[in-house]
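These notes are about the structure you will find just below.
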Amino acid sequence: DFSENPTFPSPQFRDLVMLRKTIIAAALAAASLAPAAEAADVRMYGIIDTGIIVENNRNGVNGTECTAREEFGVNLGPRVGLVANEDLGNGLKVKMQLESLFESDNGAMRFNRLFGGESSLAVIGRFGEFAAGRMGALTSPFGHWGMFGLEATPFGFGWGRAGGVHWMQGGDRLDNALSWASPELAGGLTLYAQYSFQTGSNPVPGVEEADTEDNNRRAALGFKYRTPKVTFAGTVDRIMHPAPETGASWSGARDSTLASLAVNFLVADNVRLYVMGQMFRDFYTVPRTPVYTPVSLIGSNNLADENARGVSGRGFDGYVLGLNAKIGLWGGDLMLTSAYDDIEYKGHVKAGAETGLKRWLLGAAYEYPLSKRTHLYGAANWTHGSGLFDSDNFEDTSDPNSEQVMFGITHFF
């Protein structure tokens with residue numbers, strides 16, 4: 001130790017020795033942490049997906065317009081994620097998942113959040129799995145907790161207007177959520193429960209108000225019964241809206257109810273059919289990406305004077321039906337989709353205003369794996385609407401009447 005000897009003959013040698021001592025100390029510290037690092041299994045994963053969409057859109061009263069654009073996430077949403085698992089012993093485990101979504105065509109961060117896809121911490125044991133944080137709603141196709149969406153359609157949430165989020169209700173991610181999944185019970189049955197203290201739709205997303213009733217909350221129950229050949233899945237959701245005096249987006253609206261049921265089954269070795277249905281009451285949005293609102297569909301001039309925001313009193317009631325298929329073909333997967341929405345707005349409107357809307361969808365997609373990590377794909381879809389979904393009600397590309405053709409590439413890492 002020469003720290004007390006300022007006359008040491010070589011400053012360079014002094015610095016070198018101090019540097020070596022620092023490196024050794026850091027190495028010893030790292031070695032002391034090594035058992036903890038080895039006890040946890042940490043994995044990084046990601047997806048990048050970019051494609052081209054060519055769209056022939058009715059464009060409302062402005063006439064038909066054909067456009068081409070580069071788009072991210074045509075097949076799967078680009079993301080980078082971290083998953084960590086630690087075995088605590090006695091059948092108890094801890095799991096962490098952080099997932100950041102981004103737009104691969106320009107590098108932008110989705111939802112203006114670092115971990116907008118998922119941010120959750122879970123404990124797993126004989127009681128099942130219990131998680132807290134931001135995660136997919138049970139009815140959605142998003143992530144580990146979106147247990148209904150991918151059983152209802154093989155298209156998931158991608159594929160332009162053919163994706164389930166565009167025509168199914170309830171496909172959301174939830175902030176401030178608690179989720180539970182039971183252990184697999186006899187015969188392949190799993191039960192689910194979920195509650196969000198604030199869904200992320202408050203005026204400041206993700207921030208809970210002090211009073212419970214001032215928040216948009218969501219509760220859901222679900223089940224999944226899986227065998228090698230058939231899977232049944234169902235959910236019931238209840239969305240509780242804020243009190244009228246809060247001034248939040250849906251304050252004063254009635255609570256919303258959604259029931260969803262799906263079954264998919266093998267009809268041949270490489271052919272799986274998907275049948276789904278939903279019924280909902282008092283929803284204040286209609287599925288699209290992003291969603292339609294009463295004001296955008298009906299028009300402010302057609303809403304009653306006491307219903308200027310479209311959320312006073314009743315909302316949209318309706319049902320959704322879907323028939324889909326996934327077929328192994330030529331080394332890849334052919335996916336077919338058809339869906340029908342029948343919806344009516346029950347809120348107060350002026351005399352003679354249209355309140356009903358119907359929408360039909362047909363689509364097909366083909367995905368071919370060049371390798372385990374890289375897939376090519378192509379797809380096409382057709383949508384047509386009537387009533388409130390008639391072209392005359394729109395002035396831009398939000399018009400649901402369109403045809404899309406798309407192709408691109410997905411890489412997993």
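The range 215-268 holds strands (runs of 3 or more DSSP E) entirely within its bounds, and those carrying 1 or more residues that are among the hydroxyl-bearing types (Ser, Thr, Tyr) and under 14 Å from residue 280 (Cβ atoms) map to 230-240, 256-268. Scanning the range 252-284 for residues that are free of Cβ contacts under 8 Å to residues at least 60 places away in the same chain, buried (at least 22 other Cβ atoms within 10 Å of the Cβ) and polar (S, T, N, Q) yields one hit, 256.
Any residue at all in the range 177-200 that is in a strand (DSSP E or B) and more than 19 Å from residue 235 (Cα to Cα)? No, the conditions are met nowhere in the range 177-200. A Cβ distance below 6 Å, combined with a sequence gap of six or more or placement on separate chains, defines the contacts here; from the range 172-187, residues that are more than 14 Å from residue 145 (Cα to Cα) and open to solvent by 60 Å² or more (accessible area, probe 1.4 Å) reach no residue that is among the basic types (Lys, Arg) and assigned to a loop (DSSP other than H, G, I, E, B). Considering (1) open to solvent by 50 Å² or more (accessible area, probe 1.4 Å); (2) in contact with a Phe, Trp or Tyr (Cβ under 9 Å, 6 or more places away or on another chain), the lone condition that residue 96 does not fulfil carries the number (2). Scanning the range 117-144 for residues that are of a type in the set (Val, Ile, Thr) and assigned to a loop (DSSP other than H, G, I, E, B) turns up just one, 139.
Candidates in the range 331-355 are the residues that are of a type in the set (A, V, I, L, M, F, W, C) and either at positive phi or touching a helix residue (DSSP H, G or I) at 6+ places or on another chain (Cβ under 7 Å) (or both); of these, the one that is surrounded by the most Cβ atoms within 10 Å (Cβ to Cβ) is 339.
Kindly establish whether residue 114 is outside any loop (DSSP other than H, G, I, E, B) and either in contact (Cβ under 8 Å) with a residue 12 or more places away in the chain or more than 29 Å from residue 406 (Cα to Cα) (or both). Taking the combined requirement at face value, the residue does not satisfy it. Residue count for the range 117-150 under the criterion of being among the aromatic types (Phe, Trp, Tyr) and in contact (Cβ under 8 Å) with a residue 60 or more places away in the chain: the result is 1.
Out of curiosity, is residue 300 modelled with pLDDT under 95 and either surrounded by fewer than 16 Cβ atoms within 10 Å (Cβ to Cβ) or touching a helix residue (DSSP H, G or I) at 6+ places or on another chain (Cβ under 7 Å) (or both)? Yes. Taken as a whole, the range 222-237 holds at least one residue that is open to solvent by 60 Å² or more (accessible area, probe 1.4 Å), over 23 Å from the mean Cα position of the chain (by Cα) and of a type in the set (Lys, Arg). Inspect the range 287-294 for any residue being more than 21 Å from the chain's Cα centre (by Cα) and basic (Lys, Arg) and give the result as yes or no. Within the range 287-294, none of the residues are more than 21 Å from the chain's Cα centre (by Cα) and basic (Lys, Arg). Within the range 382-406, being of a type in the set (A, V, I, L, M, F, W, C), crowded, with 16+ Cβ neighbours inside 10 Å and touching a strand residue (DSSP E or B) at 6+ places or on another chain (Cβ under 6 Å) holds for 382, 388, 389, 406.
The number of residues in the range 145-171 being open to solvent by less than 10 Å² (accessible area, probe 1.4 Å), closer than 20 Å to residue 257 by Cα and in a helix (DSSP H, G or I) comes to 4. In the range 303-321, what count of residues is obtained for those that are of a type in the set (A, V, I, L, M, F, W, C) and open to solvent by 50 Å² or more (accessible area, probe 1.4 Å)? Residues meeting the conditions: 2. Scanning the range 356-366 for any residue that is touching a helix residue (DSSP H, G or I) at 6+ places or on another chain (Cβ under 6 Å) and either among the polar types (S, T, N, Q) or surrounded by fewer than 18 Cβ atoms within 10 Å (Cβ to Cβ) (or both) turns up nothing. There is at least one residue in the range 20-41 that is modelled with pLDDT of 50 or more and open to solvent by 90 Å² or more (accessible area, probe 1.4 Å).
Suppose the filter is buried (at least 17 other Cβ atoms within 10 Å of the Cβ), at positive phi and touching a strand residue (DSSP E or B) at 6+ places or on another chain (Cβ under 8 Å); does residue 75 pass it? Here the answer is no, as residue 75 does not meet what is asked.
The values are calculated or read from the model by the stated rules, or taken from the named source; none is laboratory data. All values reported here derive from a predicted model rather than from experimental measurement. Don't worry about glycine lacking a Cβ; one is built from the backbone with ideal geometry, like all the others, and counts go over all protein chains shown. These accessible areas exclude ligands, DNA and RNA; they are computed on the full protein's heavy atoms, side chains included. Shrake-Rupley method; radii C 1.70, N 1.55, O 1.52, S 1.80 Å.
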